[in-house]
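The values are calculated or read from the model by the stated rules, or taken from the named source; none is laboratory data. Since this is a predicted model, take the numbers as computed values, not measurements. Neighbour counts run over all protein chains shown; Cβ positions are idealised from the backbone, glycine included.
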Amino acid sequence: MTTNISAAIYAGFLTRNHDGSFSDVQTPKALKNPAEEALKGAPKADLKPSEEQPAAFSIGDDAEKAMAEITQNVWQSDSIKAMDEVFQLGGVSENTLGRMASAAGVEPDQMQAKFT
């Protein structure tokens, strides 16, 4: 790729030497993950019994089965859109239901029943 020197310096690829010449910037041999420290969190041994983590969220066995059936029979983009509509609007729009029903080979009211 061709670029000018000032852009290469700004991007961190070149550095100006004391004598006025330019050199490539040496990259570290092992890059450190900046999120590594943030993901560690507090060790579990430091938690008091009153600070125990809450139980994992579950939508229930029937809802899990319905979700599995929906995601296996419709386009992934439609299932993601439907879940977003449920979270944002409290239900699935007619357009999304129509696309999902068409992909699954069922009527829209049958697809709607899976969400209730």
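Matching residues to (1) in a loop (DSSP other than H, G, I, E, B); (2) at pLDDT 65 or above; (3) surrounded by 10 or more Cβ atoms within 10 Å (Cβ to Cβ); (4) not aliphatic (A, V, I, L, M):
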{"residue": "Met1", "(1), (2), (3), (4)": "yes, yes, no, no"}
{"residue": "Gly20", "(1), (2), (3), (4)": "yes, yes, no, yes"}
{"residue": "Pro28", "(1), (2), (3), (4)": "yes, no, no, yes"}
{"residue": "Asn33", "(1), (2), (3), (4)": "yes, yes, no, yes"}
{"residue": "Ala38", "(1), (2), (3), (4)": "no, no, no, no"}
{"residue": "Ala45", "(1), (2), (3), (4)": "no, no, no, no"}
{"residue": "Asp62", "(1), (2), (3), (4)": "no, yes, no, yes"}
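In segment 72-88, what count of residues is obtained for those that are over 17 Å from the mean Cα position of the chain (by Cα) and of a type in the set (Val, Ile, Thr)?
Adding up the residues that qualify gives 2.
Contact list please: Cβ distance under 9 Å, first residue in segment 65-88 and without any contact (Cβ under 8 Å) to a residue 40 or more places away in the chain, second residue β-branched (Val, Ile, Thr) and not in a helix (DSSP H, G or I), pairs at least six apart or on different chains.
What qualifies is Met67/Ile59; Asn73/Val106; Lys81/Val92; Ala82/Val74; Ala82/Val92; Met83/Val92; Glu85/Val92; Val86/Val92.
Suppose we keep only residues that are among the small types (Gly, Ala, Ser) and either touching a Phe, Trp or Tyr at 6+ places or on another chain (Cβ under 8 Å) or not in a helix (DSSP H, G or I) (or both) within segment 95-116. Which one would you say is farthest from Trp75 (Cα to Cα)?
Per the criteria, the residue is Gly105.
Please determine whether any residue of segment 93-107 is of a type in the set (A, V, I, L, M, F, W, C), without any contact (Cβ under 8 Å) to a residue 60 or more places away in the chain and touching a Ser or Thr at 6+ places or on another chain (Cβ under 9 Å).
yes
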